[in-house]
Structures are given as C-alpha cells and as structure tokens.
Amino acid sequence: MPLNPFTPGAGTRPSILIGREPQLALVSNLADLVEAGRPSNPVVFTGLRGVGKTTLLHEVGAELRRRGWLAGYYEVRRDVEPGAAVRSIVRDSADLARGKLRKALSAGGHSIDGMTLTLGPAGFGFTVQSAGARDEAADPYPELVRFLRVLGRDARQGGVGVALLVDELQVFRKRDVAVLVQALSALKDEPIVLIGAGLPYLASELSKANTYAERFRYELIDRLDQSDAAAAVVDPALTLGTTWDAAALERVLELADGYPYFLQLYASESWDAAAGAARIETEHVEAAIPAVRRQLDAGLYAARYDRLSEREREYVDTMVTVADATCPDMVGSPRVESGAVADELDKSLSQLGTTRDRIIRKGIIHSPAYGLLEFSVPGFADYVRRRTGRA
Ligand SMILES: Nc1ncnc2c1ncn2[C@@H]1O[C@H](COP(=O)(O)OP(=O)(O)OP(=O)(O)O)[C@@H](O)[C@H]1O
Ligand SMILES: [Mg+2]
C-alpha cells in the first residue's frame, strides 16, 4: 500500500505546493533586483493560521539557497531579541552557503553580541570571544547593523544576497520590532532582505514601530481557490495512482473551505479510511469527518482555547454569542464588532482593551478592520460552540 501522500501539520512541506506561484515570482524578482545591486523592500506574508505561511517561507528559502544565497529560517519566540534571531539564521544557514560567500564567511570577521562566527570541523558556529558578559542595558541596534553590513559586503562580493526568513513576526516585543525595522531601514542599500510572515494584524503593528515598515510589501496569503484546492487534493493521490470520486472530492472541498491545513487533514484521513482502494469515495470522506474533528478538538483548537485565562475565555465566548445573534449564517470566520461584545458584557471598550489585546497576542483573534474582530483560526467559532455546549 503506498504511503499517505498528504501532509497535515505545522509547516510540513506538502508533496506538491499549490497556488503560490505569484509569491514565488515576487521573491524571485526581489532576488534579481538585489543581485543587480538595487535596493529592495522587505516582503511580509500575512494570513490566518494554517494557510501555508511557514510552508511558503521554507520554499522561498530553498529557492534562494539554490541561487547561492545565504537564507535561513527563524521562528520568533517571545523575549528573543532580533540579534539572537539573526545570529541563529546565519549560524544555521552558513553551512549551506556556497562560492565566494562561504569563503568570506570562513575568513571570519563576523561578530555580533560579543560572539564570533567561526568555521569549525562541525561547520559554522558562534563562539564567545570576549569574556565580558553582555550588558543587558546596551543598545542592541549598532551591533546588529554592523554585523549585517559586514555580511552584506561579503554577499555583494559573491554576487548574492542574504535573506532573513522570520516567521511569527508578531511575536516580537514592541521594542524588538522597532530595533529590527530600524536596522533594516539603515541597511536598505545592502543585499540584505527580510522575508517575514505572521498574522494579519502585522502590517499595522509594524508601521507603529517605524514608518519605514509602511513601505514593506505585504502579501496576503489566502485560502486556495476551488481549482487550486482541488489540485492540492487530487494531484498528490494521482502520483500514486489513486483517484477521487467526483462527489467525494466535492465534499472535501466543501469541508476544508480552501484552507490548506484542512485540505491536507481531510484528504489524509480520507486516504487512510480508503485503506489502499484505487478510488476514494464519499463514504471514506464521511468516515474521515469524526477523525478530523477529534484531531482538531484535541489539538489545534484545544491548545489555543486552553491558553486563555478565565476572563479571556469569557470574551471569546461572548464574541460567539454576538456572532450567533448578528451573523448566524457565517460559519467559517464570523466578524463581530468589538463594541457589540462590550455591550453584551456590559463593559466599556477601554475596560476590555487589555483583555482583547492579550487574545490578539495569543494569535486567536485579530482585527481585520477598525472596530471589527475575527478569529485567526478557521473554524474556531464552531469549536467554541461545541466546547460551551451550544452545538
Ligand atoms: N500551497 C499549499 N498547497 C498544499 N498544501 C499546503 C500549501 N501550503 C501549506 N500547505 C499545508 O497546509 C498546512 C499548514 O501549513 P503552514 O504550517 O505552513 O501554515 P501557516 O500559515 O504557517 O500556519 P500557522 O499560522 O498556524 O503557523 C500544512 O499541512 C501544509 O502541508
Ligand atoms: Mg506557521
């Protein structure tokens, strides 16, 4: 029996990457500009949970490394400052660098935060040079810019660029975002590009940190349209000689609503239910539904809901109450007015501001437009209904 070709997961590379040609072309143009010595603006992919931002960043990284770039990935964690992120990117990707850039990197002279990049038997690594402990109060900015400038000079000599692929950008603390954006602004003419990813409210967050961020190129990573969604389900199976019954395919497309993660999950469970049959039928998809729901309820959804405090849960539950009263037909991701939530809770908007912001930071809701709120995780409202015994 052939192995299941579907890849539900976080950042799990799909066997066939569908529908991201425009974004890949954008990055390829950006790389052309940089290699020609022209300035370029950072690119930031934004989108809801599970649309494929991480997957796309990995693909972009692979593409740029094929061109000889130094391109490394970093997922931001709270309380990590940009210097540490950049150091990790360089250390992890330096081994893959080629040509003149690799030679320059091995020659040394790259240090950041009192650590020096060295080439050892196991590859590149950072070793602590100075014995002096890092001064916590020191401004991390000058060091970061100096480091990236040296790196940029090497890359330019090698005719390539350096790509910092930074995922979950919204997790940076405000002052860290400010340092990163300010550094990028100072490095505009260097062959250093930030290709970031994060939740939809990133654009406004970054612009608040520094006006240079208004010139970033924000690319919305959206759900796949019907034909791309169909290809994401049909093509991986077809390469293994398995086909989809038309009605079964239709059903998966309806259930997943274009979200890549859901497409992978429903297709994967249907594949397993078909147990090696040459054709996946509607009955297999129906058999997959409870399995998918169990996985979501125990994993993706529960993990997020459980992270909420008592007060935050009350807020989220009330959003669903308001959604049910105002837009009962919007099952996927209903939008509700924060004013209506406040009314329902009998509180003022400012009394609820902190709670709302905390839930936003936890990546569960975001504001798609002034005064509006939306769940960042598709299907989350339905989960809250189940969890609170309303469905
Ligand atoms: N273009 C695509 N075609 C088919 N499947 C995809 C595509 N992009 C992503 N996937 C699949 O969708 C799932 C989610 O992808 P990924 O983790 O990259 O999303 P994300 O936007 O980074 O989510 P999160 O916001 O939770 O980090 C994975 O299972 C991946 O294999
Ligand atoms: Mg991701």
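The values are calculated or read from the model by the stated rules, or taken from the named source; none is laboratory data. Please read these numbers as outputs of a predicted model, since none were measured by experiment. As a convention, Cβ positions derive from the backbone with ideal geometry for all residues, glycine included, and neighbour counts pool all protein chains shown.
Brief remarks follow.
- Scanning segment 48-67 for residues being outside any helix (DSSP H, G or I), surrounded by 21 or more Cβ atoms within 10 Å (Cβ to Cβ) and in contact with a helix residue (DSSP H, G or I) (Cβ under 7 Å, 6 or more places away or on another chain) gives a total of 3.
- Residue check for Ala71: crowded, with 22+ Cβ neighbours inside 10 Å, assigned by TED's automatic domain parsing to the domain that holds Val166, farther than 30 Å from Gly363 by Cβ and modelled with pLDDT of 85 or more: no
- Index of the failed condition, Ala325 passing every other in (1) free of Cβ contacts under 8 Å to residues at least 40 places away in the same chain; (2) part of a helix (DSSP H, G or I); (3) buried (at least 20 other Cβ atoms within 10 Å of the Cβ); (4) not aromatic (Phe, Trp, Tyr): (3)
- Per-region count, segment 164-200, residues in contact (Cβ under 8 Å) with a residue 60 or more places away in the chain and charged (D, E, K, R): 6
- Residue within segment 74-96 that is within 13 Å of ligand 2 (Cβ to nearest atom), on the phi > 0 side of the Ramachandran plot and surrounded by 18 or more Cβ atoms within 10 Å (Cβ to Cβ) present: no
- Residue in segment 362-379 that is among the charged types (D, E, K, R), in a helix (DSSP H, G or I) and surrounded by 13 or more Cβ atoms within 10 Å (Cβ to Cβ) present: no
- Subset of segment 232-271 (residues that are loosely packed, with under 15 Cβ neighbours inside 10 Å, in contact (Cβ under 8 Å) with a residue 40 or more places away in the chain and assigned to a helix (DSSP H, G or I)): Asp235
- Residue list for segment 151-166, filter: farther than 9 Å from Gly72 by Cα and out of contact with any His (no Cβ under 9 Å at 6 or more places or on another chain): Gly152, Arg153, Ala155, Arg156, Gln157, Gly158, Gly159, Val160, Gly161
- Residue in segment 213-222 that is at pLDDT below 90, among the hydrophobic types (A, V, I, L, M, F, W, C) and buried (at least 19 other Cβ atoms within 10 Å of the Cβ) present: yes
- Counting only helices (runs of 4 or more DSSP H) wholly contained in segment 138-220, the ones carrying 2 or more residues that are within 20 Å of the chain's Cα centre (by Cα) occupy 174-186, 202-209.
- Screening Glu344, Glu314 for residues that are acidic (Asp, Glu), more than 28 Å from Glu168 (Cβ to Cβ) and part of a helix (DSSP H, G or I) leaves exactly one candidate, Glu344.
- Scanning segment 120-149 for residues that are at pLDDT below 80 and basic (Lys, Arg) yields a count of 1.
- From the options Leu64, Leu30, Leu26, Leu56, residue that is within 8 Å of ligand 1 (Cβ to nearest atom) and in contact (Cβ under 8 Å) with a residue 40 or more places away in the chain: Leu56
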